[in-house]
Structure formats: structure tokens, C-alpha cells
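Enquirer: Handing you this structure, nothing more for now.
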Amino acid sequence: MRAAHCRCFSLCGRDDVAAFMDDLPAQVTDPHGLWAGYLRVVYRGLPPLPFDLRRLNFFYHRDGRSWPAHVEWPMVQCVGRRAAKPRSLPACAVDVCERWRKPAAERVAVPLARRSFAHVIFPASNHSLDGSVGTAVYERPRWDHLGNGSCPGSRGGGRNRCRATEEQLVHWSNALLGHATQPSYTWVEVARMDERVHLGGLQRKRHGHGREGADGYGCWFYAARGSGIFLELRRTAILHNGALSSSEAGLLRAPNPNGSNTAALRSRYLLDFAGTPREAWPHQALAHGFASVQNQFKHNGADAKDPFGEVVSLAPSCVAARLSNQSIGPELRTCPHALGLRTGWAHDRPCACDESKASLMCL
């Protein structure tokens with residue numbers, strides 16, 4: 001059976017994600033191999049080899065519209081609004097799937113039993129229409145990576161609080177899948193959904209208007225190595241956990257090019273125009289002259305449901321002042337056009353984004 005008409009992998013549920021990550025080969029070395037074909041589609045050409053697949057936390061699904069028909073990729077789409085499940089396709093023959101998996105000898109070399117993953121399907125609440133586009137995977141930190149238990153390399157401790165600095169927590173978490181950060185003035189791979197689809201109930205509370213793209217809140221993305229969609233960071237701030245005020249205190253220690261006093265911004269949350277609490281740290285970062293923020297964890301912890309890595313652009317088009325409930329300019333949807341998103345391994349091609357899609361894709 002042709003791989004286009006059967007499935008080897010799914011990234012629709014927790015067990016599917018764990019199995020796929022366990023099967024993932026360490027490196028791509030053959031320029032004519034199956035994985036090289038996948039990478040050519042994602043990056044509009046073959047990246048330098050050897051290529052480490054283990055650094056990727058975003059993988060596309062094979063859909064019937066955008067994925068090239070001649071390129072094999074047995075990753076099934078997800079469907080269903082409440083509980084995502086694989087689209088109905090027969091399983092591929094064992095020998096077809098084995099070609100994609102890492103060698104049998106490697107499957108016991110790096111066990112994933114102690115690793116735990118959360119995932120986000122794109123788009124999150126629209127699977128029943130055109131099916132899903134891809135899945136982003138984020139590794140949950142173990143206690144010894146959190147700073148809430150014993151520090152890496154320390155003995156004993158159990159859940160004794162680790163006296164770690166923000167810099168140490170960032171350093172430890174860079175080793176976790178989906179949480180690696182990039183230095184200033186580089187490009188980072190991202191994914192994004194139309195917030196109106198992702199947060200429909202929340203939008204109704206805000207009279208139909210999203211909070212993105214105005215009042216210093218920024219344009220929000222998921223950290224997604226493997227999307228092939230690049231955002232320029234410019235001067236960037238890095239947080240370990242944006243849900244904690246300690247991270248915001250770290251921002252306030254950063255040099256302020258304008259020399260203004262931002263002590264009044266120490267609160268964890270601000271209120272948006274509808275009176276809904278929102279995160280304060282994008283506003284704080286903007287006040288300190290940063291153009292972006294990389295937040296390693298929306299929430300962290302061994303049991304966190306949403307340990308997602310986030311990237312927030314603070315470009316002028318993302319932080320303009322909102323004049324009133326009725327005068328907010330165009331709604332920010334799937335494509336933040338003014339940000340100059342790029343594609344290609346060397347981020348040397350413009351990203352032509354289709355605003356009608358619920359997930360960010362470069363056509």
C-alpha cells in the first residue's frame with residue numbers, strides 16, 4: 001500500500017506523541033533518504049547534513065491540499081473538535097513504517113520513560129473542517145530541571161526548594177524539547193493560530209476583539225523548531241516562566257535604554273480594555289527597549305498541562321495603543337503581515353501567508 005494512503009504515525013494524543021518521539025531517528029545523514037525528503041518540503045530545500053531530528057519539536061501532518069503528492073510522509077491528520085483522533089486511514093505495512101524509525105539497536109539506548117510531553121495541535125479547535133496542519137511537542141521539566149525541586153547535579157533534596165537563579169533555570173531548560181532559546185538578532189522558528197479560533201469563548205467576553213496587536217501586548221507565537229517559518233527576534237528578553245512574578249523581576253533588572261523608571265510595572269498582571277487580566281511582562285519588556293520576548297514556559301511543572309514555549313514580538317505593529325473598544329484597527333488573525341516572516345533553511349524567502357487559514361502556513 002502506498003504511504004500516501006496509509007499511516008505509520010499520529011501526533012493526535014499523548015500516547016501517539018510518546019511513541020513517535022521514541023521512534024524518531026537521531027540524525028539525517030542520507031541526502032536521498034525519506035527524512036531528507038521531509039526536510040526538503042519543510043525548508044524549501046535540504047538543510048546541511050547531518051541534521052539532528054531530536055531538536056525539532058514541530059512536525060507537519062500530511063494533508064490532501066498543501067503536502068506535495070510525490071513526497072512520502074505517513075503522518076496522519078487529526079480530526080475532532082473535543083478529543084482529537086487520527087483521521088481514518090489504514091495502517092501502513094510494517095516494512096513501510098520501519099524505514100522511518102530509528103534502527104532497532106538505538107531504541108533501547110535512550111529510553112524516554114522518564115520524559116513527559118505535552119502537545120498542541122494546529123489549529124487547536126478546528127480539526128473537523130480541513131483537518132490538522134501539524135503538532136508542536138513540549139517536554140515537561142522534571143523536578144531536577146525545574147528549580148522547584150533539587151537542582152541538576154545536586155544530591156538528596158526530594159522536593160526541597162532549589163535556590164536557583166533565573167539564568168540557571170533558563171540554562172537547564174534549554175536542554176528540554178521545545179524550550180531552547182536563541183540569542184538576540186537571530187531568527188527563531190514559530191507557529192501560530194488565529195486567536196479567534198483558538199480562544200473563541202474568551203473572544204466573546206472581549207466583545208469580539210482580540211488583545212493581540214495592541215496596548216503593548218505584542219503578537220504571540222508558539223516556539224516551533226521544525227515549522228520552517230522564521231521570525232526575527234532583534235533585541236530579545238528571555239524568561240524561564242512567564243506565569244511567575246520572579247521572571248518579571250528579572251526583566252526589571254535589564255538595562256533600560258530610555259532611563260525611565262518602570263517600578264510601577266512590577267505587578268504580575270495588567271488589565272485589558274474589557275477588564276480581563278493579562279500578562280504584564282510583554283509591556284515590561286517593551287518599556288525596557290526589547291523587540292521580543294522568549295518565554296520558555298507558559299506554565300511549568302511535572303504535571304503542567306500547558307508547558308508551551310512562547311515567542312512574543314513587540315514590533316510596532318504589535319503594540320500600538322488601542323483608542324477605544326470600537327477603534328482598534330484590523331483584527332490580528334493568522335498572519336501578522338508587518339513582521340516580515342520568512343521561510344527557507346536560511347530564512348531567505350518571504351512567507352506568503354494565507355489569512356483564510358486557521359494556522360500560519362507559508363504558501
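Enquirer: Say each of Asp303 and His32 gets a label point 7 Å from the Cα, pointing the same way as Cα to Cβ; how far apart are those two points in nm?
Expert: Each label point is offset 7 Å from its Cα along the Cβ direction, giving 5.3 nm.
Enquirer: Something else now. For the residue pair Val71 and Arg349, what label-to-label distance in nm results when each label sits 7 Å from Cα along the Cα-to-beta-carbon direction?
Expert: Going by the 7 Å Cα→Cβ label model, 0.9 nm.
Enquirer: Please give the peptides 286-296, 51-61, 86-96, 219-229 ranked by average Cβ packing (other Cβ atoms within 10 Å per residue), highest first, as a rough proxy for protection. Don't skip to the answer; put the middle values down first.
Expert: On the way: 286-296: 22.5, 51-61: 19.3, 86-96: 13.8, 219-229: 24.8.
Packing proxy ranking, top to bottom: 219-229, 286-296, 51-61, 86-96.
Enquirer: While we're here: How much net charge surrounds Phe51 when only the other residues with a Cβ under 12 Å from the Cβ of Phe51 are counted, with Lys and Arg +1 and Asp and Glu -1?
Expert: On the way: positive: Arg40, Arg54, Arg55, Arg225; negative: Asp30, Asp52.
Local charge sum for Phe51: +2.
Enquirer: Pop the C-beta distance of Arg114 and Arg278 into the FRET formula with R0 = 56 Å and round what comes out to the nearest 0.05. Mind dumping the intermediate values first?
Expert: Working: r = 35 Å, r/R0 = 0.63.
E(calc), rounded to 0.05, equals 0.95.
Enquirer: What are the aspartates and glutamates whose alpha-carbon lies under 17 Å from the alpha-carbon of Lys85, with same-chain residues fewer than 8 places away excluded?
Expert: Answer for Lys85, where 17 Å is the Cα cut-off: Asp15, Asp16, Asp63, Asp130, listed by chain and number.
A short reminder: the numbers here are calculations on the coordinates, not readings from a lab. Since the structure is predicted, the reported quantities are computational estimates derived from the model, not experimental observations. Note that we place each Cβ from the backbone using ideal geometry, even for glycine, and neighbour counts take in every protein chain shown.
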